[in-house]
Structure formats: structure tokens, C-alpha cells
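The values are calculated or read from the model by the stated rules, or taken from the named source; none is laboratory data. All values derive from a computational prediction rather than experimental measurement. Don't worry about glycine lacking a Cβ; one is built from the backbone with ideal geometry, like all the others, and counts go over all protein chains shown. To get the accessible areas, we keep the full protein, side chains included, count just its heavy atoms, and leave off ligands, DNA and RNA. Shrake-Rupley method; radii C 1.70, N 1.55, O 1.52, S 1.80 Å.
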Amino acid sequence: MDRAQERRREIEATVAAVRAIEAREGITRSSLAKIRQRLIQLAARTDLFTEADFPPPAPGGKRQSCLYRLAEDADHRYALYANSSLGGYATPAHNHTTWAVIVGVTGEELNRFYERTADNGVREKGQHVVRQGSGVSFMPADLHSIHIEAPLLNFHMYGLALEQLTRREFYKPDEHAWAIFPPHTDIREARPARV
């Protein structure tokens, strides 16, 4: 079996396991921890997920990171992406409006966690560095930001594909206000072909 076929098999097995966890347990913090562990198993296959397979944007461009779609069901559920970054990238505090799990393949991504304050702002309540062997998970309303200093590759999995998430909020600290993230439109198709 060649690498592409093996990668397809491993992705399909992981997504099937995630579907089974949700079908059996629903989406809770406990079931998300199980989904995270299953994705960590996939991320351990660094031989199948390399920068050569999923290159970051070219240096000097307007983007520092890009997403590759690895899996997505016909109803847009169970969307798995590889995030490939040059580094020098960060997001504001935001929610997802669906469940989300991020695990590390290579490199490091700092995640900061927030809670809303009474005056409609945010307060940091913790952080975790996602790297090989670790990850973070979020319920739909949970808030986080990501901070990437150096090149990395990691997995992001969502209960619903990013293009479908039309009500994601992000915090604008300069304005002390919330706004809506536009849906992603720059995702690179990388679902493996069946042979």
C-alpha cells in the first residue's frame, strides 16, 4: 500500500471512530476528550502528514497559514483539516458555534482560553501549547485564540465544516466589541481519492 492509500485509510478510520463516539455519547467535554485522543493517534503518523504533503503558503505572501480539507461528510459534518503555517500568525479570541478539536502533528501552537466578562469583553482564563501528543477541545460557545510563532502542521476537526459556520464571533479589543467572522473560502481540497 502506498503512502496516499495508507493516509486515506487512516483518515477514514479516524473519522469513523469520531462518528461512533458522537453517536454513542453525544457531544460533551468527556466525549470531546475521546475525540481528541483519537485525533492524537492520527497525528502520531508523522510519516503520513509532512510539510511536503501539506506545504504552508509561500513566504512573502499575504497568508501565513492555510487549511487543507482531509475529510468532510456529504452533509458537511465531521470536517477534518490540516493547518499548515509558516509561523507569525495569530487569531483574535473567537468561538466556533460547533464543537472543535485541535491536535499537534509538528511544531507548537499556543491556545489562549477566554471567558466573556460582564462588560461584553473577554478575560483570559488559561492556556495550552498544542504540540505532538497533545491537543485542545471546545464546545460550541467556548472562546480561544491561537498564536503560532514558527512553522507547524496540526489537525483541526469541527462538527460542521468551516464554510458552513456563518455566525462565528470574534472579539475586537480596540473597539471593545464582537463581530462575525466571515466563513472560510480559502480551503485547499486534499481529500484523498479512492483507488
Point to revise | Unit charges on C-beta of K, R, D, E only; dipole of the stretch 1-99, Debye | key: 240 debye
Study note, to complete from the structure: Here, E124 and A90, labelled 7 Å along Cα→Cβ, have an inter-label distance in nm of 0.9 nm
Check your understanding: What residue among L165, T97, L32 has its Cα farthest toward the positive end of the dipole of the chain, where the charges are +1 on Lys, Arg and -1 on Asp, Glu, each on the Cβ?
Key -> L32
Revision key, fill the gap. Once all protein chains are kept in place, I40 shows an accessible area at probe 1.4 Å, nearest 10 Å², of 20 Å²
Practice item. Measure out, as a whole number of angstrom, how far apart the alpha-carbon centroids of the stretch 45-69 and the stretch 12-38 sit. Key: 26 Å
Exercise for review: Might you work out the accessible area of E124 for me, using a 1.4 Å probe with all protein chains in place, and round it to the nearest 10 Å²?
Suggested key: 90 Å²
**Study point:** Listed residues H147, H76, H94 arranged by accessible area, highest first, probe 1.4 Å
**Key:** H76, H147, H94
Study note, to complete from the structure: Rounded to whole angstrom, the alpha-carbon centroid of the stretch 135-164 lies from that of the stretch 92-120 at a distance of 6 Å
Study note, to complete from the structure: For K125, K34, K172, the accessible-area ranking with a 1.4 Å probe, largest leading, is K125, K34, K172
Exercise for review: Excluding residues on the same chain fewer than 8 positions from K62, give the aspartates and glutamates whose Cα lies under 15 Å from its Cα.
Suggested key: D186
**Study point:** Simple Cβ-charge dipole of the chain, Lys/Arg +1 and Asp/Glu -1, about Cα centre, in debye nearest 20
**Key:** 360 debye
**Study point:** Within the accessible area of the chain (1.4 Å probe), percent carbon and sulfur
**Key:** 51 percent
Study note, to complete from the structure: The correct ranking of Y89, Y114 by accessible area at 1.4 Å, largest first, is Y89, Y114
Exercise for review: Could you tell me how many degrees, from 0 to 90 and to the nearest 10, lie between the Cα long axis of helix 3-25 and the main elongation axis, the longest principal axis, of the Cα atoms of the chain?
Suggested key: 50 degrees
Check your understanding: On average, how much accessible surface per residue is there in the stretch 109-186, in Å², for a 1.4 Å probe, leaving out ligands, DNA and RNA?
Key -> 50 Å²
Revision key, fill the gap. When the charge dipole of the chain is computed with +1 on Lys and Arg Cβ and -1 on Asp and Glu Cβ about the Cα centre, the Cα farthest towards its positive end, among T185, H144, Q132, belongs to Q132
Review point. Mean shadow of the stretch 123-195, computed from the convex hull of its alpha carbons, in nm²?
Key: 7.5 nm²
